[in-house]
Structure formats: C-alpha cells, structure tokens
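Below: the structure, in structure tokens.
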Amino acid sequence: MPTIPTNVAIMPQPMSVGLENCKRHSLTIPIDFSIGLVYSLDLTAIQQQLPYFKTLQSMFVDNSANANAITITMNGTLQRIVIPAYGQAYLPILMIAAAVIQFSSASAVQISVQLLDFFLPPMVWSVNGNSPINPGGTLAVADAILDGTVSGGRINANAYGPTIQALTDASGTIAAGGTPQIAIPANASRTRWIISNPATATEALLIRIGGTTAGPITLLAGQTWDESGSSIVGDAVYVDGATTGHAFTAYYK
C-alpha cells in the first residue's frame, strides 16, 4: 500500500487565515490513485513540523473528477467516511493523537484533500450532476414511487381537507309557548348535538335532556350549548320557550 509523503517541505505549503493568535490553517494533500488504489497518510511527521495540526478537526475532499466513491478511514476511532462519485465534501473527523488516515478508491485518478485545524459542519454536494447527491443538496433516488413523488427537490402532495360528517338540521320554532317539545330525538349512537338561542331573541330558551320535566339549561340570547365526546348522552333533547314562534337552531349527528 503506497504511503503519502509527509515531509511538509515537499508538500504545498500550509495556508493560514485569520489573526496571528487565532489563525485557521489548511494543508493540501495531493493523492494520485493511478499509482495505487489505497493510500495511507501518517500525520505524525506533519504534527511534529506543524504543531497546530495536532488538533486536526475537519477536511475538504475534492472527488469531482472521480467516477467512483472514495472511502476514508481513521485509525483508532475507526471513523469511516464515503464520498460519492463526482462529489465534494466538508467533513468533521474524529482522530487520535497519532493519526493515520487511509484513502481508497476504485479509479486511477488524482484527487486533493485539504486538512483543516478548525471545525466545519458536514456538507456533501455534486459538482457536475452525476453524483447521487444533486447540485441542490438533495439525494437522487432510483425508486419509481419516490421519483413520482419528488419533483425539484420537493415532495408533491395533494391537499385533502378534513372529512366532515354531515349534520342533521333540526332547527325550528316553539309550537306552543311554555310547552317543551322534542328538538333532537333519542339516539344511543349520537356523537354530537348543538342548540342555539339566536342573538335576535328577546327571551331565554330552555333545554331539557331526557324529559319534559328535567332541570333546564337556560340559554340567553346569542348563547349556544354544544355537547360531544364520550360524555354525550343519547336521550331526547327538548326545548322550551315562553312565546309561541320563538325560533331556535339545532343540529346533531
């Protein structure tokens, strides 16, 4: 397995960016897979010559000219990273003090890697559209259902409104003032009922549940009684008003 030269004197010189006391450094490592498809990079010599690389945290990998993926493995931590074909990436790395990094690929091409002594969040992208990672950062798929669902990096979705069960309209008027009458018939499977006293009413509307003499629920003008859920009862619901012709609205399901 070929090894990558680690004498900084024969490598591209490190680049420093930033203030003197807080510089960020980048060191470019060329790798020629035409000589061998697996390379080992021992960072010991680099760390001795460039002390700040003892805190190597990230790397940039340019695999844009490679029709095959690159696999990167860190010794000690056994971190394994795969860069897709025709892709580029910023990668945070996990390393031990005496780090050895292994690079492997199935293509005899040249790539470059930049070692960085500062953290960058992971990011992978395609350079020419041939990568499984699309230029916009979305993942290309070979699934007929997903291909039909995703367009332009977005999921195509149909908007379906909620299904609302039809309500039965039981609205009416008081047939005889002072005499309770059935507004909503008994139904043990009933799930909801609503009775309102119109805002234009000049008197109260009484609701009696289960019988004509049951204790009333009094609705003033503009008020509504709405019952639903597990506590609802299926008894008949009566309404009563003092004046014949008193209008009310009622619905149930």
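The values are calculated or read from the model by the stated rules, or taken from the named source; none is laboratory data. Just so we're clear, the structure is a prediction, and the values are computed from it rather than from any experiment. Ideal geometry is used to build each Cβ from the backbone, glycine not excepted, and the neighbour counts take in all protein chains shown.
Taken over the range 69-87, the residue count meeting the criterion of being buried (at least 16 other Cβ atoms within 10 Å of the Cβ) and under 18 Å from PHE119 (Cβ atoms) is 3. Considering the range 39-68 alone, what residues qualify as being aromatic (Phe, Trp, Tyr) and under 21 Å from PHE119 (Cβ atoms)? Across the range 39-68, the qualifying residues are TYR52, PHE53, PHE60. Scanning the range 231-253 for residues that are part of a loop (DSSP other than H, G, I, E, B) and among the aliphatic types (A, V, I, L, M) gives ILE232, VAL233, ALA236, ALA242. MET95 fulfils the conditions (1) surrounded by fewer than 16 Cβ atoms within 10 Å (Cβ to Cβ); (2) modelled with pLDDT under 90 except for a single criterion, (1).
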